[in-house]
Amino acid sequence: MSQEVRDLRRLVIKAFHIENIEAGSENEVYPDGKMKVHAGIERTDDEKSAIDKIEISVIKPGEHNRWTNSIMDIIPISTKVLGKIGEGITHTLTGVYVILTGVDVNGIQTAEFGSSEGNLSEKLYLGRAGTPSPGDYIISFDVTFKAGMGQERHGVTEAHRKCDEFIQKFREQMKKFKGEECTERHEYHDIVRPGKKRVLIVKQVAGQGAMYDTHLFGKEPSGVEGGRSIIDMGNMPVLVTPNEYRDGIIRSMQ
């Protein structure tokens, strides 16, 4: 007797490999492996903002012997093209990551229990799960907070949102890429086999505040917009599917 199998949802991830990033007047990405980043310093005039300025720069492969402020997050650049997170089609970039770092105007690093400022080559382990490879480009999104705001939850959340808005500029362009031009294609299925054992993996995430927060259910893979804080949800357990996890439904805010 053949075993019954139910295919609940299908996720296709199409990767476009970035081979070269140059400074430009606009933030642009192309399916042929080229990218332009508007590098420079942007100051915040909003009195209600927790941020004083943001500096964007490009770190080329092999240029990791440089100063970094405390690392808040390492973020892939991905976007939904069809469907919602966990199903449909996602476009993602390989060969490049965004690194979010922070310090305040008085030189106090953004951290709660320990900061990670110093030489980037010593603070960032390359080639690990969730970190850039030695040959990847890194877009540095370095936030300078107003005094004391790097230790406040709303300040850190604002930095993540600003970084997400920056990444969204590339996401909107990636949505228009022709899927057949991708450099890699991966297909995943959430399968149920009735009568067989059910497997549940428990993942513990941070939910203590400021640098230790986790957002889930954003509109974009690894995104902030539309997401909900695990703290605001009372640090209660939530269920996500294997494909939702693969597709970036969890955003670590640390």
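The values are calculated or read from the model by the stated rules, or taken from the named source; none is laboratory data. What you see is a predicted model; the values in this text were computed from it and never measured. All Cβ positions, glycine included, derive from the backbone under ideal geometry; neighbour counts span all protein chains shown.
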* Asked: Which members of segment 200-254 meet the condition of being among the hydrophobic types (A, V, I, L, M, F, W, C) and touching a Leu at 6+ places or on another chain (Cβ under 9 Å)?
  -> L200, V205, I230, M233, V238, L239, V240, I249, I250
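Which one of G179, G226 is at positive phi and among the small types (G, A, S)?
Selected residue: G226, the only one of G179, G226 that is at positive phi and among the small types (G, A, S).
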* Are there any pairs with C-beta distances below 6 angstrom linking a residue in segment 26-44 that is surrounded by 14 or more Cβ atoms within 10 Å (Cβ to Cβ) to a residue that is modelled with pLDDT of 95 or more and hydroxyl-bearing (S, T, Y), with the two at least 6 apart or on different chains, and if so which? -> A39/S57
* Asked: Only one residue in R185, R193, R246, R251 is out of contact with any strand residue (DSSP E or B) (no Cβ under 7 Å at 6 or more places or on another chain) and touching a residue at least 24 places away in the same chain (Cβ under 8 Å). Which one?
  -> R193
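Within segment 227-243, restricting attention to residues that are small (G, A, S) and in contact with a strand residue (DSSP E or B) (Cβ under 9 Å, 6 or more places away or on another chain), which residue is farthest from A15 (Cα to Cα)?
Among those that are small (G, A, S) and in contact with a strand residue (DSSP E or B) (Cβ under 9 Å, 6 or more places away or on another chain), it is S229.
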* Asked: Could you list, in sequence order, the residues of segment 40-76 that are under 12 Å from P132 (Cβ atoms) and touching a helix residue (DSSP H, G or I) at 6+ places or on another chain (Cβ under 6 Å)?
  -> H64
* Structure fact -> Flagged in segment 156-182 as of a type outside the set (D, E, K, R) and under 18 Å from the mean Cα position of the chain (by Cα), in numbering order, are V156, T157, A159, H160, C163, F166, I167, Q168, F170, Q173, M174
